[in-house]
Amino acid sequence: MIFNTDNLVFDIKRYPTSKNNSLKPWNASDELAINYLNENSNLNSKITIANDSFGFLSTCLSNHTLNVIVNNKTQEESIVKNLAENKIKETNITLVKPLEDISTEVDFGLLKIPKGLDLFELYLNQIHKNISSDGTVICSFMTKYFTPQIIKIAAYYFEDIIQSKALKKARILILKKKKEIIEKELIHSIVYRDKIAKQYYGVFSSNNIDYATQFLIDAFKIDSTEKTILDLASGNGILAQVVLEQAPESNVHLVDDSYLAIASSKLNLKGTNSNFHQAYNLDSFQDDFFNLVISNPPFHFEYETNISVPLGMFSQVARCIKPTGRFLMVANRHLSYKKHLENRFNSVEIIAENSKFMVYECFEPIKK
């Protein structure tokens, strides 16, 4: 999609691509933030960007020196591909992980407020460490998603909080006068049965083990022949933990798009026979590799529902699983995945269900 700003024209795309043409790679809150920066910064301004899902902000501001905080592998791919699509060199742009220190002092922070407010705080904490004393942080959001908790979090880090007027149903918060704060550990501890799972702020389901995951845990048992196992969309690694309790000799791989999820699973699986992969696909695995794949796949992405992502996962699982292998998956029952799974496996059964969830067990992958 074409976007014009400050006499420049950019062609911005979503990656991975989607067949749903109504899904844009930016919204009005991004435009509002870009306009503020164009009016208040100069080419010498150093800027840190967080939560730039599809590379819109990074591309439009690429004439500045940028630090871009990247949590997801899909996000990283979007930024790199959109820069290349617009023939922009990456010399001014440094990609930074969410738990890393930004190496230089910055003048402006630009933070698109995510759905999860603990992730908002983690990003704001990271920017706060390196914003100059007279620096400014711009936090953008659509007005329908506003909650007073946003102001409460911002007030912990900054003295002045100014809220803009609404434009196209979007607003920005302008944060100034950096506070001296007491550093705190941005990690949740979740008690589940006799376990304590740790996860960094920003990982899915911060207050408890997701109920769908709990339902899947109650439904599965590892067979002694299942030696090579994948936890797909692994989150904090609780499924892999249960797998290793049942089959301690198995070789477990964990795959998740989120850097914070992989970092969390490393906290919980330290010292185990586990392999960690930050990825949104299974391209790094050869055909017929796994005896068992187990998953609670995502279908919510921020405020969007997009089942094309899990459907792509199913196809990749069918390729990577052994002909005698098994795919165990839990999903909300309203998603009606059975017909999609039957296009990829010859045998698909629902082995457990309640009013909210279904657990599917799939055999005989269809190799294409």
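The values are calculated or read from the model by the stated rules, or taken from the named source; none is laboratory data. All figures in this text were calculated on a predicted structure; none of them were measured in a lab. Positions of Cβ are generated from backbone atoms using ideal geometry, with glycine treated the same way; all protein chains shown enter the neighbour counts. Protein only, heavy atoms only, side chains kept; ligands, DNA and RNA dropped before computing areas. Shrake-Rupley method; radii C 1.70, N 1.55, O 1.52, S 1.80 Å.
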Inset, instruction - Could you list the residues of region 170-191 with an amide nitrogen less than 18 Å from a label point located 7 Å from the Cα of GLN149 in the Cα-to-C-beta direction? - result: 185-191
Inset, instruction - Quote the relative contact order of the chain in percent (integer), defining contacts as alpha-carbon pairs under 8 Å separated by 6+ residues. - result: 11 percent
Inset, instruction - Rank these residues by their accessible area, most exposed first, probe 1.4 Å: HIS300, HIS340. - result: HIS300, HIS340
Legend entry - Accessible area of region 111-224 divided out per residue, in Å², using a probe of 1.4 angstrom: 52 Å²
Legend entry - Segment ASN63-TYR303, extension gain: residue separation times 0.36 nm, minus the distance between their alpha carbons: 83.4 nm
Legend entry - Apportionment of accessible area to carbon and sulfur, region 33-170, percent (1.4 Å): 48 percent
Legend entry - Expected 222 nm ellipticity per residue - DSSP helices of 4 or more, -39500 (n - 2.57), all of the chain, to 500: -8000 deg cm²/dmol
Inset, instruction - Could you work out the mean projected area of the convex hull around the alpha carbons of the chain, in square nanometres to one decimal? - result: 19.1 nm²
Legend entry - For ASN208, net neighbour charge (Lys/Arg +1, Asp/Glu -1) across residues whose Cβ lies under 14 Å away: +1
Inset, instruction - For region 115-210, build the charge dipole from Cβ charges (+1 Lys, Arg; -1 Asp, Glu) around the Cα centre, then report which of ILE161, ILE127, SER140 sits farthest towards its positive end. - result: SER140
Inset, instruction - Work out the FRET efficiency for ASN275 and LYS368 from their Cβ-Cβ distance, taking R0 = 22 Å, and round it to the nearest 0.05. - result: 0.25
Legend entry - Accessible area per residue, Å², region 231-368 with all protein chains present, probe 1.4 Å: 43 Å²
Legend entry - Kirkwood estimate for region 1-145, i.e. one over the average of 1/r between Cα atoms, Å: 15.3 Å
Legend entry - Summed residue charge, Cβ within 12 Å of TYR280's Cβ, Lys/Arg positive, Asp/Glu negative: -4
Legend entry - FRET efficiency for LEU8 and SER189, using Cβ-Cβ distance with R0 set to 45 Å, rounded to 0.05: 0.45
Legend entry - In nm, spacing of pseudo-spin labels at ILE88 and SER336 (7 Å Cα→C-beta vector): 4.1 nm
Inset, instruction - Could you work out the equivalent-ellipsoid semi-axes for region 214-294, taking the square root of 5 times each eigenvalue of the Cα gyration tensor, largest first, in whole Å? - result: 18, 15, 12
Legend entry - Of all accessible heavy-atom area on region 222-368, the percent that carbon and sulfur account for (1.4 Å): 48 percent
Legend entry - Inter-site label distance for ILE182 and GLU39 at 7 Å from Cα along Cβ, in nm: 3.9 nm
